[in-house]
Amino acid sequence: MRSNILTFYMVILAVGLLNTIFSQDDDFEYIDSDACIDCHETSEHETDFEQDLSHSIHSELECLNCHQDKDTTPHKEDIGFTVGCKGCRACHEEASDEYQAHGRAAIGTCKDMPQCMDCHGDHDILPSTVKLSKTHPVNLPSTCGNCHENLDITKKYDILIDHPIEIYESSVHGNATKGGIYVAATCNDCHSTGGSAHKILSPGEGESSINHFNIPKTCGKCHKSVENDFWEGIHGKLVARGETDAPVCTHCHGEHGIISPDDPRSPVSRSKVAEQTCSPCHESAVLNVKYGLTGGRLTTFIDSYHGLKSKAGDMRVANCASCHGVHRILPSSDSTSTIHEKNLQETCGDCHPGISEKMAQSSIHGVGGEGLRTTAADVVANIYIIAIVVIIGSMVLHWLIDLTRQIQLVFRKRPQIRRMRAHEIWQHAFLTVSFIVLVLSGFALRYSDGWVARLFFGWERGFELRGIIHRVAAGVFIFTVLWHTVFIVATKRGRQYLKDMLPYMLDFRQFWQRIMFNLGRRNTSPRFRRFSYIEKAEYWALVWGTVVMIITGFLLWFDNWWIQFLPKGALDVALVIHFYEAWLATLAIFIWHLYSTVFHPHVYPMNPSWLTGTMPEDMYEHEHPEHLEEAKREEAELVQQRQEKMSRIEKMELEENNDKDDKRRKHLH
C-alpha cells in the first residue's frame, strides 16, 4: 500500500517537471545560422560581418558552430557559455588542452585572463602567416600590448614591467621584425613553453621557457651556437648544476630591450661591459666568497692601461670580453680557456700582433688596484710613494712652520685693538665647534659612502653614534643661540651690538662703492664702521639659517610625533629644506666668511680676534677705519675699569690687612 502511494507521488512530480520544461521551451523559437544576419549586420568595430568572415580562416563555418548558445530567439542569457573561449575549444581540442594558464593566472581564476578571441580576433581570424593576422610577427607585439601595456592590468597583477612592448619595439628584435625579418624573436618565441603560444607560464614554473634555468635554451632556439658556447663556459656549468645566482643571457643582454653590442647604450657594449655588466657579479663580496674569486677586479682593470683607455672613450681597446671571451668564458686553469697561460699569446695577439710569449704573460689586473704590476713596476711605484711622502711632507712641514711664525707675528703685533669680549669669544667658539660637527655628522648620513663619512664613522656602530653626535651638537648650537639672544636683549653692549648690526642705506651705498673700487672704477675703498655690509649680510643669513635649521631639525628629530598633525609630504619638504639649507650655510662659510677673515690679503694668515678678542691696529684701521677711535676709547675705558677694579681690590686687601694688624696688636696687649 505504502509503495503504491510513493509511486503515485513520483509520477505526479515527473509530470510536473516535464510540463515546466515544455512550457519554458514554448517561450523560445529555435533558429539556424541564416537568421543571424537579420539582426547582426555589423560588428562592434563597425565592420561588415559577412565581409570579415569571407576573409577569415573560418569562412566555411556557420554562426552557430561558434555561437552555440545563440540557437534560439530570444537568446538565452547566463547559461555559462563564452564563445571566445568555449566556442573555440569545441574544435581546437589540442590547443584547448594546452591553454590552461597564462602567466600566473590559471583558467577560471582571473577574470582578465585573455580568451581566444583576445589574441586571434573574432570574425576576422586569419592564419598567423598572413600579415594582417593579429598573431603575425609584425602585429603580435600590439596584440600582447592590449593587456601588457594596460597600466590598470599591470598594476592590478603586480606585473613589474610597465611598458614591455614599448621597450621591445626599440630593441634589436623589434626593429628587425618591423624591417620585415619575420624570423626575429617576438613575444611568443620567448614566452611560449614547448613551442606552443597557448602555454605561456610564469618564470616561477620550472617548465616555463623564461624560467631562470631555461632561458639559455629559449635564446638558443635562434642562437644555437651561442647556446652551445654558453653551456661549455663556467657560467653555463653553474646554471646546469642549479646555481640561481649564475648569470644567464638576460643578465647581460637584458630582456625586452636588447640592443646591439655596437650601440653604446647596450650593457654589453665596449664602453659598458666592464662596469655595468661584469662588475655587479664580480664585485659582489657575497659571490666572491661563495665561489672563491678574487675581489677588486673592476678597480684593477680600470687602473690598468686598457681600463684607462676605455674610460677615455677608446672603443678599440680591450675589455673583459676581449680577453675572457663572450659566451664561452672559462677559468684560467682550463687548458681551453682564452686566458690559460698557453693561450695568452694568441689571445693578446688579436690586438697586438707579434707579441712575445713573455710579454703576454704579464699581469693585467695586478694585485693592489694599480693596474699592470710587474716586480719592476712595484719597485718604481714604492720609490715614488716614498719620494712623494718625503718631498711633499717636507713642503707641508716647511709651510706649516712658516704659517705658525706668521700667526705668531700677528698675535705679537702691537698695539692690539679689542674686537670681542671674553664671553663673545666663547659664543663664537661654541658656534664654530657645533657647526663643524653638525656639518660632518649631517653630511655623513647623506653621503655615507664618501671618504669623510668613512673616516669619522666608518667603524663598527659608528653610524649609530653619528646620530647621537649630531643631536648633541644640535643641542650645543641651540644653547649658543639662546646665549646670544640673552646677550643682545639683556645687556647694554648686546643691545648696541644689535643696533650696529642692523642694515642701513649706508651699507648699500658702501656695497656699490666697494664693487666700483674692486673693478678699478673708484680710487678709494669705502670706510666701514664697526660692522661692514660683509659682516651684516653674514650675520642675518646666519639668523635666517638658524631659524630654518632648528624648525626643520625638530620636525625630523621628532617625526613620529609631528606626523600626527602635519599633512602628507610635510616631512619630505622639511628634509629637503634641511639638506639644502645645510649646503647653503656650509658654502657661505667657506666662501664668504673664510675669505673675509682668513684669505683676504690684508687679513692673512688670519684675523686673530676669534682667539684673543683683539686684532692689530693697522688691520683694524684697514677693515673698520670709522670705528677705530671708538674701539680705542672702549679699550681705554675697559683698561680704566680694570685698573679701578684692581685699585678697589688692593684697597680692600690693604684695609683687611690693617684690620688684621690692629686685631693682632690688641691681642698682644
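The values are calculated or read from the model by the stated rules, or taken from the named source; none is laboratory data. Owing to the predicted nature of the structure, the values given are computational and were not obtained by experimental measurement. A quick note on method: Cβ atoms are made from the backbone with ideal geometry, for glycine too, and the neighbour counts reach across all protein chains shown. In case anyone asks, the SASA skips ligands and DNA or RNA and just uses the protein heavy atoms, side chains included. Shrake-Rupley method; radii C 1.70, N 1.55, O 1.52, S 1.80 Å.
A few comments on the model shown:
- The candidate values were (i) 63; (ii) 74; (iii) 49; the one computed from these coordinates for percent of Cα pairs over 32 Å apart carries the label (ii).
- Difference of contour (0.36 nm per residue) and Cα-Cα distance, ARG461 to LEU575: 38.6 nm
- Under 5 Å, built H, 5+ apart or other chain: amide partners of ILE417: MET615, GLU617
- Around the Cα centre of the range 550-634, unit charges on the Cβ atoms of Lys, Arg, Asp and Glu (plus for the first two, minus for the last two) sum to a dipole of about 500 debye.
- Under 5 Å, built H, 5+ apart or other chain: amide partners of LEU201: GLY103, THR193, SER209
- Counting only protein heavy atoms and a 1.4 Å probe, the range 541-616 has 63 square angstrom of accessible area per residue.
- For the chain, leaving out every one of the GluC sites (Glu not before Pro) that falls in a DSSP loop and has at most 11 other Cβ atoms within 10 Å, the longest unbroken run is 208-459.
- Per-residue HN-Hα couplings for the range 507-520 [Karplus 6.51, -1.76, 1.60; θ = phi - 60°; Hz; x = Gly/Pro]: 5, 5, 5, 5, 4, 5, 4, 5, 4, 5, 5, 5, 8, x
- Summing +1 for each Lys or Arg and -1 for each Asp or Glu among the other residues whose beta-carbon sits under 15 angstrom from that of VAL486 gives +3.
- Dipole of the chain, positive direction: furthest Cα of GLN427, GLN640, GLY520, with charges on the beta-carbon: GLN640
- For LYS86, the lysines whose Cα falls under 23 Å of its own Cα, not counting residues fewer than eight places away in the same chain, are LYS70, LYS76, LYS111, LYS134, LYS199.
- Within-11-Å neighbourhood charge of ILE534 [Cβ basis; K, R +1; D, E -1]: -2
- Student exercise, the chain dipole from Lys, Arg, Asp, Glu Cβ charges, in Debye to nearest 20: 6620 debye
- Partners of LYS651 within straight-line reach, counting lysines whose Cα lies under 21 Å from its Cα and excluding those fewer than 8 residues away in the same chain: LYS660, LYS663.
- Building the convex hull from the alpha-carbon atoms of the range 533-639 and averaging its projection over directions returns 9.4 nm².
- Other-chain or far-sequence residues with amide H under 5 Å of ILE31's (modelled H): THR72, THR73
- Here the chain exposes an accessible surface that is 61 percent carbon and sulfur, computed with a 1.4 Å probe and the other protein chains kept in place.
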